[in-house]
Amino acid sequence: LRTGVGIDVHAYDETAPLWLGGLYWTDEPGLAGHSDGDAVLHAICDALLSAAGLGDLGSRFGTNDPRFAGAASEVFVRETLALVSGAGFAVVNVVVQVVAVRPKIAPRRSELEARLSALVGAPVTIGATTTDGLGFTGRGEGIAAIATALLSASA
Amino acid sequence: LRTGVGIDVHAYDETAPLWLGGLYWTDEPGLAGHSDGDAVLHAICDALLSAAGLGDLGSRFGTNDPRFAGAASEVFVRETLALVSGAGFAVVNVVVQVVAVRPKIAPRRSELEARLSALVGAPVTIGATTTDGLGFTGRGEGIAAIATALLSASA
Amino acid sequence: LRTGVGIDVHAYDETAPLWLGGLYWTDEPGLAGHSDGDAVLHAICDALLSAAGLGDLGSRFGTNDPRFAGAASEVFVRETLALVSGAGFAVVNVVVQVVAVRPKIAPRRSELEARLSALVGAPVTIGATTTDGLGFTGRGEGIAAIATALLSASA
Ligand SMILES: [Mg+2]
Ligand SMILES: [Mg+2]
Ligand SMILES: [Mg+2]
């Protein structure tokens, strides 16, 4: 067994579309970033990579690499899973908590969890909270996501 | 087995009594919130709910629900544990770290850990740190708590 | 099995040498603190102590204790491991994520992971991310580190 953790933060960019958890969100401010800024998927990748001893998202999928400019972050998750599997691990489960005032996660939780669990091939759950007006998430400057992952040795 | 994580943040409210970790703290600033603002118990609930795939505290115990106005947050923990058990999981252990300048956790750690472990029916430990004057916790604007939980399939 | 979590934050101190992850970093701003301010090692200690139910770094190695003024934080890790072992636990693995603009972790990841894994006697991995200019880490005021640990009952 292995524990893993990942945190990611992106600032809102009102001019960008919002991709979060691999879903497109209409009428919500987007996120800045070299890729699509999907903090949920990035935190999941870092939780998986850390648990498997495979480095981190920034080094694996260089934030300056022109191949990943504007990339849909699901490609990072797919590649991460291939690396994790190649290193001899299977995913037991992954959880993510979004810390942000927007978007509201609850109305789309089932859709998010179904999509992410199918993508990862193991239970992925997603929750959300706010910070009572405090800090950069409280001021509505950006989104933070934290994920933990549990891996087992694959059979 | 399942990993879970929960974070919660509440701003100080000097006019409120302080409830934290299910205990009443005299001569300490309280916490704002729809309920009693007990960030420790809220983080524990979200760690347990996320691990079990049961959503999050905000959706389970609506922050606008008049039934929970001023609620003692232990009711959320008890209800969370019933849901977790009903979903077929047992709690292996829970840990919480408080990030705040006040109150000081160490003098009451034993009392907190005994009470929370009895409440949860598994080892619950609590630690604390500060942020060296940085951010909203460093400026003494509020309290953050982070919890991780480990669940197993119940027999 | 036991899960554990630890977070630590230290402000930069341009006049101090930088010790992070037990390594000395040339030409980088140092960290303030009663000890050497090694946020990576402190987060690891708190993850291990919380999992084992042994309190936290601040209470174990008092931040006002003159014996630890300027201490190299590896002594805290060694002492923590002795306590964890004495409590009947073995370390399964530990992961740390650094949240900071400086220093860059990736160029020294292999060195850090080799040293920390040897120190802990179990796999320790280290990753890093930034916060897109947001919050105290984004403004370059300090470093945050978060660690999770997994322990098992020792044979
Ligand atoms: Mg990112
Ligand atoms: Mg709360
Ligand atoms: Mg420290």
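The values are calculated or read from the model by the stated rules, or taken from the named source; none is laboratory data. Since the structure is predicted, the reported quantities are computational estimates derived from the model, not experimental observations. All Cβ positions, glycine included, derive from the backbone under ideal geometry; neighbour counts span all protein chains shown. Side chains are part of the model used for accessible areas, which takes the heavy atoms of the whole protein and leaves out ligands, DNA and RNA. Shrake-Rupley method; radii C 1.70, N 1.55, O 1.52, S 1.80 Å.
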- Task: Could you please let me know if B:Leu57 is within 19 Å of B:Ala153 (Cα to Cα), more than 16 Å from ligand 1 (Cβ to nearest atom), within 11 Å of chain A (Cβ to nearest Cβ) and buried (at least 23 other Cβ atoms within 10 Å of the Cβ)?
- Result: no
- Residue among A:Gly142, A:Gly127 that is away from ligand 2 (no atom under 16 Å from the Cβ), of a type outside the set (Phe, Trp, Tyr) and under 21 Å from A:Trp19 (Cβ atoms): A:Gly142
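Which residue out of B:Arg139, B:Arg108 is charged (D, E, K, R) and touching a residue at least 60 places away in the same chain (Cβ under 8 Å)?
Values: B:Arg139 fails: touching a residue at least 60 places away in the same chain (Cβ under 8 Å).
Step by step, each of B:Arg139, B:Arg108 is checked, and only B:Arg108 is charged (D, E, K, R) and touching a residue at least 60 places away in the same chain (Cβ under 8 Å).
Looking only at region C:67-75, decide whether some residue is of a type in the set (D, E, K, R), over 14 Å from C:Leu119 (Cα atoms), surrounded by fewer than 17 Cβ atoms within 10 Å (Cβ to Cβ) and within 14 Å of ligand 3 (Cβ to nearest atom). Before you say what the answer is, go through the steps one by one.
If we filter region C:67-75 for residues that are of a type in the set (D, E, K, R), which is where we start, we get C:67, C:74.
Pick out the ones that are also over 14 Å from C:Leu119 (Cα atoms) and you get C:67.
Retained after the next criterion (residues that are surrounded by fewer than 17 Cβ atoms within 10 Å (Cβ to Cβ)): C:67.
This time we only want the ones that are within 14 Å of ligand 3 (Cβ to nearest atom), so: none.
So far as region C:67-75 goes, no, none of its residues is of a type in the set (D, E, K, R), over 14 Å from C:Leu119 (Cα atoms), surrounded by fewer than 17 Cβ atoms within 10 Å (Cβ to Cβ) and within 14 Å of ligand 3 (Cβ to nearest atom).
Take residues that are buried (at least 20 other Cβ atoms within 10 Å of the Cβ) and in contact with a Pro (Cβ under 8 Å, 6 or more places away or on another chain) and tell me which of the strands (runs of 3 or more DSSP E) falling wholly in region C:1-51 contain 2 or more. Reasoning before the result, please.
Details: elements: C:2-13, C:18-20, C:23-25.
Strands (runs of 3 or more DSSP E) meeting the threshold: C:2-13, C:18-20.
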- Message: What's the number of the only condition in (1) open to solvent by less than 50 Å² (accessible area, probe 1.4 Å); (2) touching a Leu at 6+ places or on another chain (Cβ under 9 Å); (3) part of a helix (DSSP H, G or I) that B:Glu111 fails to meet?
- Response: (1)
- Could you please tell me which pairs satisfy a Cβ distance under 8 Å, a separation of 6+ or placement on different chains, a first residue in region A:1-14 that is more than 7 Å from every other protein chain (Cβ to nearest Cβ), and a second residue that is of a type outside the set (A, V, I, L, M, F, W, C) and near ligand 1 (Cβ under 10 Å from one of its atoms)? A:Asp13/A:Gly37
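Please state which one of A:Val94, A:Val101, A:Val75 is under 14 Å from the mean Cα position of the chain (by Cα), outside any helix (DSSP H, G or I) and at negative phi. Quick ask: steps written out before the conclusion?
Working: A:Val101 fails: under 14 Å from the mean Cα position of the chain (by Cα); A:Val75 fails: outside any helix (DSSP H, G or I).
Going through A:Val94, A:Val101, A:Val75 in turn, the sole match is A:Val94.
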- Task: Using the structure shown, decide if C:Gly62 is assigned to a loop (DSSP other than H, G, I, E, B), closer than 15 Å to C:Leu49 by Cβ and more than 9 Å from every other protein chain (Cβ to nearest Cβ).
- Result: yes
- Query: What's the number of the condition C:Ile105 fails, among (1) more than 14 Å from chain B (Cβ to nearest Cβ); (2) open to solvent by 50 Å² or more (accessible area, probe 1.4 Å)?
  - Reply: (2)
- Check C:Gly86, C:Gly121, C:Gly140 and return the single one that is open to solvent by 20 Å² or more (accessible area, probe 1.4 Å) and within 13 Å of chain B (Cβ to nearest Cβ). C:Gly140
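Taking region A:124-137, which residues are at the interface with chain B (Cβ under 7 Å from one of its Cβ atoms) and more than 16 Å from the chain's Cα centre (by Cα)? Let's see the steps before the verdict.
Filtering region A:124-137 down to residues at the interface with chain B (Cβ under 7 Å from one of its Cβ atoms) leaves A:125, A:127-129, A:131-135.
Result: A:Thr131, A:Asp132, A:Gly133, A:Leu134, A:Gly135.
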- Have a look at C:Leu81, C:Leu150 and point out the one that is open to solvent by less than 40 Å² (accessible area, probe 1.4 Å) and either under 30 Å from C:Asp27 (Cβ atoms) or within 8 Å of chain A (Cβ to nearest Cβ) (or both). C:Leu150
